[in-house]
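Each remark here refers to the structure printed beneath this line.
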Amino acid sequence: MSRPSDHFDSPAPQAPAPNDDGIIVQPKLGFVGWLRWFWRQLTSMRTALFLLLLLALAAVPGSLVPQRAADPNGVTQYFTDNPSLAPILDKFQAFDVYTSVWFSAIYLLLFISLVGCVIPRAKHHFDALRAKPPRTPARLSRLAGFQKRTAEVNVGAVEAVDSARKLLRKSGYRVVVFSSADKNGHETASVSAERGYARETGNLVFHAALVGILITVGVGGGFGFSGQRVVVENGGVFVNTLAAYDSFNPGRFFTENSLDPYSIKLDQFTATYETKADGAFGQPIDYNAEVTTQERGQAPQQSDIKVNSPLEIGGTDVYLLGNGYAPQITVKDPNGKVVFTDSVPFLPQDANLTSVGVVKIPDGLAAQLGMIGFFYPTQATSTTGAFYSTYPDDDYPVLTLNVYDGDLGLNGGVPTSVYSLDTDKMTQLTGGTTGVQSIELKPGDSQALPGGLGTISFDSVKRYASLDIHHDPTQGWVLLFAASALAGLLISLFIPRRRVWVKASENADGTLSLEYAGLARGEDPRLASAVAEIAERHSKVLSDVPAADTNA
Amino acid sequence: MTLDEYSIFFLYAAIVVYAVAFIAFALDLARRSSQVSAGNSVGIDGTVTTAPHVLETVGTAAGAGAVGASAVGSGAASAGTTAVVERPESVVSTSTAGRASATDTGETGGSGGTSTLKGGRVAADGSVSKRSLSLRLGMAFTVIGLALEVTADVLRGIAAQRVPWANMYEFSMTGTVLIVGVFLVVNTRVDLRFLGTFITGLVLVLLGISTVNYYVVIAPLPPALQSAWLVIHVFVASLGTAFFALGFALSGIQLLQSRREVSGSALKFLKLRFLASLPDSTRLENLAYRVNIVGFVFWTFTLIAGAIWAERAWGRYWGWDTKEVWTFIIWVIYAGYIHARATRGWRGSRSAWLAIIGFAAVLFNFGIVNVFFHGLHSYSGL
Ligand code: HEM
């Protein structure tokens, strides 16, 4: 079957013959010889097995330490928690296991081995598909499921074998008939049949599909991108352009003009929470983002985006991956002039959506102001006096803010996160140890800022949705290859490949000896019973032949 | 009582019945060991055949009425041609008893007709064969236990108004239902009842851990789990696990068996004499392979279905999340196992070890990764 020489079904290797001195001398290998030898090693079953097991082993560390691609915050945390170990692990790419040199080397070698293994087999199989089944062995009695029957029927060996041939053909066997007569004119005929070529086809399809997956993921993935954007209810419209993303991860071959400039506006975000079950009170049941979208040159459209049900638009998929609160905050200077008004997305901290956010006011007031805010959708006070939230919906929303003045650090040109405030060069004016009460607001409230800087108001509670926008042109191909792999696997594991022979010989007494036997090619637990069944059916066919005039 | 409380009640009842089944299966193994020690031949189906010349001595003792203790039941026949069987109708006529059931390969399983508890079969040569009561009791209790557990599982599903496999407690319940179910179904084709001790033991351990540690009250599904893929992906994964569990047991016994075959006796200190009554290591290996490839196909499907679901829910089909990593590792180990069986020098014990490592990874994935590792799949409900 042109399988690797160390395949279980390949003939056992011949030990090199010792020379005159009784010493085994390996033949001298030239450069090409060495290359051949190396290639044979690489494409052997042993190497494939070794690389497979190595791949399984190499995948383990990536589950033990956080990975940059899946969990960047976890990696930062790991560095903080293990300051001496983390840099060493990082040297070995332990935080990027699945793109690391060593992991890549293993799977690339494995796939080289795979290709080297599959190509000769594919060629061999192609030839085998057109070849005839082999000659009937002289002695069937040593083969699997051997049966010998003697039949007193009115047909000759050739006809008997012909009916066996028809029967086998109908069962999907490829057949060839042989016959000969001895010197007394008694004929011996046999049919040699083989089936289950699909087993090898399935195996090849399976392995080729794996290569297909690797190539589409590796190359095709480079044309895609993923990006994130937060949209607030009735807030700004997102237009699909590079500048509009909060964060963006392009593939290697991404070009900006592949973005289709459609727009998305969040009309309403609805979250439904469990209100009954005591163990699950407040657990989310449903999230729904109602959006208005518009593609170039088309009318606006209303759609819903839900978890598990992304929106398909402009060649991208838009997923609802997160949500939270964005309090609408307005700051005025002492003259009542608005210097800041916006819905500020706050990051949820717990299941009841206690959220933290930052307000930065660089201009318009006597000093640069920074505020760290806490938002409690359903506020309650603990026995220690601390606030917390008891329910994720906004049943009793409260916003508290600690105010800082000083240098916001925005002027150096270094990008800073909108979700964090660097208080190194600032002084705290409210909350904490300042002795001044934190600002505390309910929707509609407004309050003076400390030091006569102006006023702040909490206008309303808004929801925001965090959207992930993906484009992966190869997804469909990957699915197709995966499905072919599964189909190939089923065929190659469960379709038995077997040879069956039926031999009929005319005896001197006019009876017919019928022999049946089979040979498994690979795993075939049902071979013996299959041969028995064929024998049974064949006997039946033969006995159904109408009695002819034997004396004729 | 609420529906969930009924569910818990049935689950505890199932645990008790499984425990009884476990004891019965264990008694069967003990009986096999003692019968093997006594020099009798024991079939895969637990049938003890007492050779005629041994019968001369055993038979007289047994004939005195000591046959009641069927767990260690010995032949009940006196020497020679006349059988002293308490229920004569179970005596098999000499013409058909030629195929002593002890030499049956087990493919036909429990097809021994209606022999009675205390009775035996007398073969043409005067040998007496006797089926194992404890084995049949073990199977009966397993079926009852399964019926109770299915009831518990269905009640939980009705109470929660969704499929009962959305958190660790529910996975454990549905998963063990499938393990026992697959065991029973496979038994209709091949006699694997000798694995009863392992299967009921495994199920008892899993259910014990999950009822004590993983129980959670019924809660609605978080939005990420509200998907048809939950139904498919998790169910097929559990089904795959059930086949892997059987394969694991077969490979484990295969290793012991091949040691016994090589050295004459396996790990003498363990006194695993019942091994003599089980299939030989090659047959065990073939059985393990057939079960494991079914598991592998289900696992491949799980991997693909999981990727499709991940694409729907999280926007990417593969992200090397911890759970994804372990599902992949398991898949690669079993691919290695299948390869090993096709690699010269690796068939036999070496490939069996890979099946065992594979199942260890399955258990690790379920018991450790779900509970202690962080990732997007943190839905254990704990
Ligand atoms: C990505 C790496 C690989 C994976 C995941 C893999 C997986 C599998 C699986 C699942 C099977 C059993 C199903 C079937 O027959 O189609 C199989 C069979 C087989 N594979 Fe691979 N394989 C890989 C690489 C290779 C390589 C590199 C070789 C060549 C050295 C190879 C040679 C074979 C052969 C000859 C069989 C048939 C085994 C038999 O006769 O039962 N495979 N492989």
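Below, the figures for the structure above:
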| item | result |
| --- | --- |
| Protein-protein interface of segment A:43-65, residues with accessible area decrease of at least 50 Å², isolated chain reference, 1.4 Å probe | A:45, A:49, A:52, A:53, A:56, A:63 |
| In Hz, Karplus ³J(HN,Hα) per residue of segment B:27-44 (6.51, -1.76, 1.60; θ = phi - 60°; x = Gly, Pro) | 4, 4, 5, 4, 5, 4, 4, 5, 5, 5, 4, 6, x, 8, 9, 10, x, 4 |
| Tensor-based shape of segment A:43-88 (alpha-carbon gyration tensor, a/c under 1.5 rounded, otherwise prolate or oblate) | prolate |
| FRET efficiency, residue A:132 to residue B:38 (Cβ-Cβ, R0 51 Å, nearest 0.05) | 0.35 |
| FRET efficiency estimate (nearest 0.05) - Cβ-Cβ, residue A:423 to residue B:211, R0 60 angstrom | 0.75 |
| Cβ-derived FRET efficiency at R0 60 Å, residue A:178 paired with residue A:292, nearest 0.05 | 0.20 |
| Accessible surface of segment A:17-129, 1.4 Å probe, proportion on carbon and sulfur as whole % | 70 |
| Amide H within-cut-off set for residue A:368, under 5 Å, with H built and near neighbours excluded | A:406 |
| Of all accessible heavy-atom area on segment A:225-471, the percent that carbon and sulfur account for (1.4 Å) | 49 |
| Compactness index (Cα Rg / 2.2 N^0.38 Å), segment A:137-186 | 1.30 |
| Relative contact order (percent, whole number), segment A:252-346, Cα cutoff 8 Å, 6+ residue spacing | 18 |
| Directionally averaged shadow of segment A:382-486, computed from the convex hull of its alpha-carbon atoms, nm² | 13.5 |
| Hits among aspartates and glutamates - C-alpha to C-alpha of residue A:332 under 18 Å, sequence gap 8 or more where chains match | A:342, A:363, A:405, A:440, A:445, A:459 |
| Average Cα contact separation per residue, chain A, under 8 Å, 6 or more apart, as relative contact order % | 17 |
| Theoretical ellipticity at 222 nm over the protein assembly as shown - DSSP helices of four or more residues, -39500 (n - 2.57) apiece, nearest 500 | -13000 deg cm²/dmol |
| Isotropic mean projected area of the C-alpha convex hull, chain A (nm²) | 46.6 |
| Peptide B:214-223 - average C-beta neighbours from other chains (10 Å radius) | 5 |
| Largest to smallest accessible area among A:102, A:477 [probe 1.4 Å] | A:477, A:102 |
| Cut-off under 5 Å, modelled amide H: who pairs with residue A:146 long-range | A:518 |
| Accessible area, probe 1.4 Å, largest first, for residues A:159, A:312 | A:312, A:159 |
| Kirkwood hydrodynamic radius (C-alpha pairs) into Stokes-Einstein, segment B:312-375, 37 °C and 0.692 mPa s, D in µm²/s | 253 |
| Chains B and A, summed buried accessible surface - 1.4 Å probe, Å², nearest 100 | 4500 |
| Heavy-atom accessible area, 1.4 Å probe, ligands and nucleic acids excluded: residues of segment A:520-541 down by at least 40 Å² from chain alone | A:523, A:525 |
| 1.4 Å probe accessible area per residue over chain A, in Å² | 52 |
| Axial C-alpha extent at least 15 Å, average Kyte-Doolittle at least -0.5 - helices from chain A (DSSP) | A:31-42, A:45-59, A:101-130, A:157-170, A:197-215, A:475-494, A:527-544 |
| Rg followed by Dmax, in Å, when segment A:225-471 is reduced to its Cα trace | 19.6, 59 |
| Interchain or long-range residues, amide H under 5 Å from residue A:325's placed H | A:346, A:464 |
| Tensor-based shape of segment A:269-350 (alpha-carbon gyration tensor, a/c under 1.5 rounded, otherwise prolate or oblate) | oblate |
| Positions from segment B:332-374 whose accessible area shrinks by 50 Å² or more when the full protein complex is built, not the chain alone, probe 1.4 Å | B:332, B:339, B:342, B:343, B:344, B:347 |
| Sequence of B:312, B:341 when ordered by accessible area, the most exposed leading, probe 1.4 angstrom | B:312, B:341 |
| Size of segment A:240-303 as Cα extents on the principal axes (Å, biggest first) | 52, 33, 15 |
| Cross-link pairs beyond the 19 Å C-alpha cut-off, checked among A:360/A:425; A:148/A:503; A:166/A:503; A:337/A:442; A:265/A:462 | A:337/A:442 |
| Vicinal HN-Hα couplings computed from phi for segment B:283-291 (Karplus, 6.51 cos²θ - 1.76 cosθ + 1.60; Hz; Gly/Pro x) | 5, 4, 5, 5, 5, 4, 4, 4, 6 |
| Hull shadow area, averaged, the protein assembly as shown [alpha-carbon convex hull, nm²] | 58.3 |
| Share of Cα-Cα pairs in segment A:17-129 lying beyond 23 Å, as whole percent | 55 |
| Calculated from backbone phi, Karplus (6.51, -1.76, 1.60) coupling profile of segment B:229-240 in Hz, x at Gly/Pro | 5, 4, 4, 6, 4, 5, 5, 5, 4, 5, 5, x |
| Diffusion coefficient, µm² s⁻¹, Stokes-Einstein with Kirkwood Rh over alpha-carbon pairs of segment A:158-218 at 25 °C and 0.890 mPa s | 169 |
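The values are calculated or read from the model by the stated rules, or taken from the named source; none is laboratory data. If you're wondering where the values come from, they're calculated on a predicted model, not measured in any experiment. We place every Cβ from the backbone using ideal geometry, glycine too, and count neighbours over all the protein chains shown. Only protein heavy atoms, including side chains, enter the accessible area calculation; ligands, DNA and RNA are left aside. Shrake-Rupley method; radii C 1.70, N 1.55, O 1.52, S 1.80 Å.
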